[in-house]
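The values are calculated or read from the model by the stated rules, or taken from the named source; none is laboratory data. Just so it is clear, the structure is predicted and the values come from calculations on it, not from any experiment. A quick note on method: Cβ atoms are made from the backbone with ideal geometry, for glycine too, and the neighbour counts reach across all protein chains shown.
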Amino acid sequence: MKFFSYLPFLLIISLSFFQMDSNAQKIKSYHQGWQSINQYRQKRLPASALEVAKQIYAKAKAENEEAQIMKSLIFMTGLQQETRENNEVLSIKELEKEISISKEPLASLLKSYLAGIYQNYLTWNRYKLYNRTQTVDFKKDDINTWTMNDFHKKISELYLQSVENTSLLQATKLEKYDSLITKGNVRYLRPTLFDILAQRALNYFKSDERDITKPAYAFEITQPEAFASAAEFAKFDFSTKDSFSLKQKALFIYQELIRFHLHDAKPEALIDADIARLDFVYKNSVTPRKDELYFNALTELSEKFPYNPMADQARYLLARRHYEKGILYDANGDSSNRYELKKAKELLDNILDTRTDSEGWPMRTI
């Protein structure tokens, strides 16, 4: 496994945010160290780069600079892959120890990162695990004895723990973590640390769970309430006996996100989360009415925010649904879809007329 397999945390946490200058002075004091690390990496000297990363870590711990602690740990984990054997297992133990002595919100960041390390390990060792049988009443201190279910259970627990301190995380703005954040222009959609960690958790919970052993009572998205308005969806109880279900946990995270943004003064973050929720539900629902429910939900969302450019994505998705029906029109047979293409064009023309950059604008051509 190469060093860059450990960098997705930095890439995912960034989500194209704009890098602010409020902590520029503090970040500047670490700049020389990071320059040295980059130079050593370019010269393929991982051991030298690692020593500098450890120095940055010690300085950041002494100054209680959480972002620099986090960044140095990420680089130490990656660089040690090239300098020691069995790095994944050792790094997991080191991160678990770091979590045990860390305060919030750094502990939540570390839990999210550790979940990603477990995911990396699972990905790289998946072929070894397919035929490994489940053991009962066995203390599994060694992950080399774990099954697929053990890994998914641990990863799920860590991601859920990373967002459970909701009040604190929702009150934590991102400026102090600018050294972990790359340049972009949509911070208003992910304004707090909770938003970032929730999205990281969703990236996992929305994934395919084919590797997980499914019980007879496996959770399925059958409830029409999954397509309900944001306020109604956020209140519904999707509880299940299926403790391994990633889909159910994804719904839970979406509920938390939507509850958080439901009464925002500006609705952009809510609209973004709600459209993503509807897309996830539509792709995973098994109810026979899902086409109808999805269409109605998008229509309701579009009509609730008729002048908000963020809702153009909902209008685009509606146009696509009309288009898919329209191409089925048969002048000599089934004529029920006769005006669907016209409706699709009207919706797209409306997006074009706004002349505003939005999620719907780049996808205006069906």
Of the conditions (1) β-branched (Val, Ile, Thr); (2) farther than 24 Å from Gln170 by Cα; (3) surrounded by 17 or more Cβ atoms within 10 Å (Cβ to Cβ), Val286 clears all except one; give me its number. (3)
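Quick check, is Asp349 acidic (Asp, Glu), exposed (fewer than 15 other Cβ atoms within 10 Å of the Cβ) and modelled with pLDDT of 80 or more? Please lay out each step first, then the result.
Values: acidic (Asp, Glu): yes; exposed (fewer than 15 other Cβ atoms within 10 Å of the Cβ): yes; modelled with pLDDT of 80 or more: no.
No; evaluated as a whole, the condition is false for this residue.
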Go through region 78-87 and give me each residue that's surrounded by fewer than 20 Cβ atoms within 10 Å (Cβ to Cβ) and part of a helix (DSSP H, G or I). Asn87
Looking at region 306-322 only, could you name the residues that are surrounded by fewer than 19 Cβ atoms within 10 Å (Cβ to Cβ) and aromatic (Phe, Trp, Tyr)? Tyr307
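Looking at Lys59, Lys54 in this structure, which one is in a helix (DSSP H, G or I) and within 28 Å of Lys173 (Cβ to Cβ)? Reasoning before the result, please.
Numbers: Lys54 fails: within 28 Å of Lys173 (Cβ to Cβ).
Matching residue, one of Lys59, Lys54: Lys59.
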Inside region 204-223, can you point out the residues that are surrounded by 12 or more Cβ atoms within 10 Å (Cβ to Cβ) and among the hydrophobic types (A, V, I, L, M, F, W, C)? Phe205, Ile212, Ala218, Phe219, Ile221
Could you go through region 316-332 and let me know if any residue there is of a type in the set (A, V, I, L, M, F, W, C), assigned to a helix (DSSP H, G or I), in contact with an Asp or Glu (Cβ under 8 Å, 6 or more places away or on another chain) and modelled with pLDDT under 75. no
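If you take the residues of region 224-239 that are part of a loop (DSSP other than H, G, I, E, B) and surrounded by fewer than 17 Cβ atoms within 10 Å (Cβ to Cβ), which of them is modelled with the lowest pLDDT? Spell out the reasoning first.
Start the filter on region 224-239 by keeping residues that are part of a loop (DSSP other than H, G, I, E, B), which leaves 228-229, 236-239.
So of that shortlist, the ones also surrounded by fewer than 17 Cβ atoms within 10 Å (Cβ to Cβ) come out as 229, 236-237, 239.
On the way: Ser229: 97, Phe236: 97, Asp237: 96, Ser239: 93.
Once the filter is applied, the top-ranked residue is Ser239.
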Restricted to region 88-109, and to residues that are crowded, with 18+ Cβ neighbours inside 10 Å and at pLDDT below 95, which residue is farthest from Ala67 (Cα to Cα)? Glu88
Being hydrophobic (A, V, I, L, M, F, W, C), within 20 Å of Asn296 (Cβ to Cβ), at pLDDT 95 or above and not in a loop (DSSP other than H, G, I, E, B): is that true of Ala250 here? no
Within region 159-168, residues being in a helix (DSSP H, G or I) and surrounded by fewer than 23 Cβ atoms within 10 Å (Cβ to Cβ) number 5
Considering only residues that are surrounded by fewer than 19 Cβ atoms within 10 Å (Cβ to Cβ) and either hydrophobic (A, V, I, L, M, F, W, C) or without any contact (Cβ under 8 Å) to a residue 12 or more places away in the chain (or both), which ones fall in region 49-62? Glu51, Ala58, Lys61, Ala62
Counting just the residues of region 170-194 that are outside any helix (DSSP H, G or I) and of a type in the set (A, V, I, L, M), which one comes out modelled with the highest pLDDT? Ala171
